[in-house]
Amino acid sequence: MKKVVTFGEILLRLSPPSHLRLTQATSFDLYFGCAEANVAASLSKFGLPVKFVTAVPPNELGESSLNMIRSFAVEPVATIQGKRLGIYYFEQGASERPGKVVYDREDSSFSTLRKGMIDWEAIFNDADWFHWSGITPSLSLELAELCEEALLVASRMGLTISADLNYRPKLWQYGKKANEIMPALVKHCDLLLGGIDESEIVLGVPKNENDTEDVVFANWMKSFPKLKNIVSTHRMDANASSNGISASLWNGEILLNSRRYNISHIIDRIGAGDAFMAGIIYGLITWPDDHQTALEFAVAATCLKHSISGDINLATVNEIKALMGGSGGGRVSR
Amino acid sequence: MGKRVVTFGEIMLRLAPQGFLRFSQADNFDVVYGGGESNVAVSLANYGIPVDFVTRLPKNDIGECAMMEMRKRGVGVDNIVWGGDRLGIYFLETGAVSRGSKVVYDRSHSSMSDIQPGMINWEKVFEGVEWFHWTGITPAISQSSADACLEAVKAASKLGVTISTDLNYRAKLWKYGGDREAIMTELTSYCDVILGNEEDAEMHFGIKPEGAAVQTHGHDVKAEAFLSVCQQMMEKFPKAKKVITTLRGSISASHNTWAGVLYDGKQMLQTRQYQITDIVDRVGGGDSFMGGLIYGLLTYPEDDQNALDFAVAASCLKHTIKGDANLVTVDEVTKLMGGDASGRVAR
């Protein structure tokens, strides 16, 4: 089986235990994660062979982050350079108090990557899928260029390419707007995860106020003709502890909708989008002619992620299938 | 109340695996906020000395945590300035027996390292202040913090404030290309009280002991060897009234001996040697010595021996306390000075 390659910055996440605020914490739980590593780990757990391309510093934290990747049987392809691993502090929300992120990722090892430093041909040699996200090009112009370099090689070598738009307003601080950079990257994609609110701000595709999903996604396909599928998650934000979640898929002809799950007691919502992304990649690879099943798998995967601490979806294919099959009761399985 | 003290430097987030876990085993970090100069401030506050800590912190939750820690310990925070991007971090793996402790710094581009001269109104800070303390760490982190430190030292000197320093040489810092010897020589020339060991003296000023070799690895740490270092320091820095050094004998990461000497230009005072057989946390050992010394010199101005004995006993107790700061009282220190090292439960 050929490999899936994901590419991005792995970060040290520091979180107060349980629901303590940052200002109350006397210890931080330690996780390593990022959108693209979360996707890699989840896919590997589903049984696909995966490589994760990143950069980490030559110190114990860089080493620990790679050890975490290895523990999921993901093969790290890491450039060891620079001074520090990027960090984000995450305070878990509850009920009416939203979660909070404090980024501390400037001058990280990953931010020192440049075009020409990574041998993409060698990396893609045994791969047939490449996944990236909108976080990498949001960090610096140099990383946007590096992302494009990877996409050009992946395109030329005939890999299937997916992206999660992952728009983060706190990033994009280097003087370019998302819609000045992202269109040139998204045009290489076969599969895109995004929401209609991102149409203008990320893709530069105009959208009228009352345009429905099928109209907007049809416009995206006109702008980016290589796209075959567009997926979107819908979060009915009740509050920080309780969400409804469902998803849709536009394949150029029809809009498929998934069933809706009510997640009444969220344990950790970080990485929920990544869990969905991994689910849809696995789903489309496994059921290429059954988009509805692929979509149901992805939404069930993200539903389970909300019940798991940390960035990574530690759910197996069987657990997800059980939930898809209607086993939503949370009974102890024995 | 008189005798107000100001310390100036960088406070950091310390992230340490619990107990004696190595970095590669950790799945959580104990959180402590500390730094050389803030640790001295906490010591002094514990001894009842009014003290203010001056630094620059980022305006986010992590910066606020650092400030709250100072406030909690009774250290004044009104002169802290806010700005910049991040709180510096150091990761600490605690050693044991033959495995030394390990520090990974992640403090580049911290709010404090980006401080510029002019950001702090030193004239206002030093109103009613008797003593100013800085350390060799501040000029080691960036040129602009070295400049800010010089600005502080000059203002203190002009206002007649007593100035102390802990030379605190750190091989992993001084990466910005500044002329270490020239910078440290200028800053130290304003000081009345200088704390430093033989490594600090050699690395900062090229001063080496003449005659006797300094033995730091066994039981027998020779105080006499430091006399030559102290004398050379006094010659180089004529404003200095006292040069002090701690005598750490490192038998292992868990067992150290600990003593101190003070040279006042005429005579060399020594303390007894403590055996610290089961170290809990040695980070901040030197800072607790400095805190004890400033307290001692302010409290027993005519009795340097007593001040020195207090400093050594205080820092001996620090080695039993988790975290950067020495959380002990004057009574506990004086009890140990008085010879009660039994460690019996006080009840």
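The values are calculated or read from the model by the stated rules, or taken from the named source; none is laboratory data. Note that the structure is predicted; figures quoted are calculated from it, not measured. Every residue, glycine among them, receives a Cβ derived from its backbone with ideal geometry; neighbour counts consider all protein chains shown.
Filtering segment A:76-100 to residues that are more than 23 Å from A:Ser27 (Cβ to Cβ) and either without any contact (Cβ under 8 Å) to a residue 24 or more places away in the chain or not in a loop (DSSP other than H, G, I, E, B) (or both) leaves A:Pro76, A:Val77, A:Ala78, A:Thr79, A:Ile80. Per the listing B:Val54, B:Val104, B:Val97, the residue uniquely within 12 Å of another protein chain (Cβ to nearest Cβ) and touching a residue at least 40 places away in the same chain (Cβ under 8 Å) is B:Val104. Every residue in segment A:303-324 that is among the charged types (D, E, K, R) and closer than 17 Å to A:Gln92 by Cα, please. Once the filter is applied, which keeps residues that are among the charged types (D, E, K, R) and closer than 17 Å to A:Gln92 by Cα, segment A:303-324 yields A:Lys305, A:Asp311. For segment B:190-200, the criterion of a residue being within 14 Å of chain A (Cβ to nearest Cβ), surrounded by fewer than 23 Cβ atoms within 10 Å (Cβ to Cβ) and assigned to a strand (DSSP E or B) is satisfied by no position. It is to be established whether one or more residues within segment A:271-279 are in contact (Cβ under 8 Å) with a residue 12 or more places away in the chain, of a type in the set (D, E, K, R) and either farther than 24 Å from A:Cys34 by Cα or surrounded by 23 or more Cβ atoms within 10 Å (Cβ to Cβ) (or both). Yes; the residues of segment A:271-279 include at least one that is in contact (Cβ under 8 Å) with a residue 12 or more places away in the chain, of a type in the set (D, E, K, R) and either farther than 24 Å from A:Cys34 by Cα or surrounded by 23 or more Cβ atoms within 10 Å (Cβ to Cβ) (or both).
Check segment A:91-98 and report whether any residue there is in contact with a Ser or Thr (Cβ under 9 Å, 6 or more places away or on another chain) and over 30 Å from A:Ala298 (Cβ atoms). No - not one qualifying residue is present in segment A:91-98. Scanning segment A:59-111 for residues that are in contact with a strand residue (DSSP E or B) (Cβ under 7 Å, 6 or more places away or on another chain), of a type in the set (S, T, N, Q) and more than 10 Å from chain B (Cβ to nearest Cβ) yields A:Ser65, A:Thr79, A:Gln81, A:Gln92, A:Ser109. With respect to the stated conditions, A:Leu12 is outside the structural domain of A:Ile270 (by TED's automatic domain parsing), among the hydrophobic types (A, V, I, L, M, F, W, C), outside any loop (DSSP other than H, G, I, E, B) and in contact (Cβ under 8 Å) with a residue 60 or more places away in the chain.
Taking each residue of segment B:118-145 that is within 11 Å of B:Val54 (Cα to Cα) and looking for partners that are part of a helix (DSSP H, G or I) and of a type in the set (D, E, K, R) with beta-carbon atoms closer than 7 Å, six or more apart or interchain, yields B:Trp122/B:Glu151; B:His133/B:Glu37; B:Trp134/B:Glu37. Those strands (runs of 3 or more DSSP E) of segment A:231-334 in which 3 or more residues are aromatic (Phe, Trp, Tyr) are absent. Residues considered: B:Ile137, B:Ile120, B:Ile89, B:Ile115. Of these, the only one that is within 30 Å of B:Ala182 (Cβ to Cβ), more than 14 Å from every other protein chain (Cβ to nearest Cβ) and in contact with a Leu (Cβ under 8 Å, 6 or more places away or on another chain) is B:Ile137. Meeting the requirement of 1 or more residues that are over 30 Å from B:Val330 (Cβ atoms), the helices (runs of 4 or more DSSP H) wholly within segment B:27-141 are B:61-72, B:122-125, B:138-141. When segment A:119-158 is examined, which residues are found to be touching a residue at least 60 places away in the same chain (Cβ under 8 Å), closer than 17 Å to A:Lys51 by Cα and part of a loop (DSSP other than H, G, I, E, B)? A:Asp126 - this is the single residue of segment A:119-158 that is touching a residue at least 60 places away in the same chain (Cβ under 8 Å), closer than 17 Å to A:Lys51 by Cα and part of a loop (DSSP other than H, G, I, E, B). Of all residues in segment A:19-31, those satisfying the criterion of being touching a strand residue (DSSP E or B) at 6+ places or on another chain (Cβ under 9 Å) and more than 7 Å from chain B (Cβ to nearest Cβ) are A:His19, A:Leu20, A:Arg21, A:Tyr31. If you go through segment B:6-28 and keep only what is facing chain A (nearest Cβ under 10 Å), crowded, with 24+ Cβ neighbours inside 10 Å and more than 10 Å from B:Glu93 (Cα to Cα), you end up with just B:Leu13.
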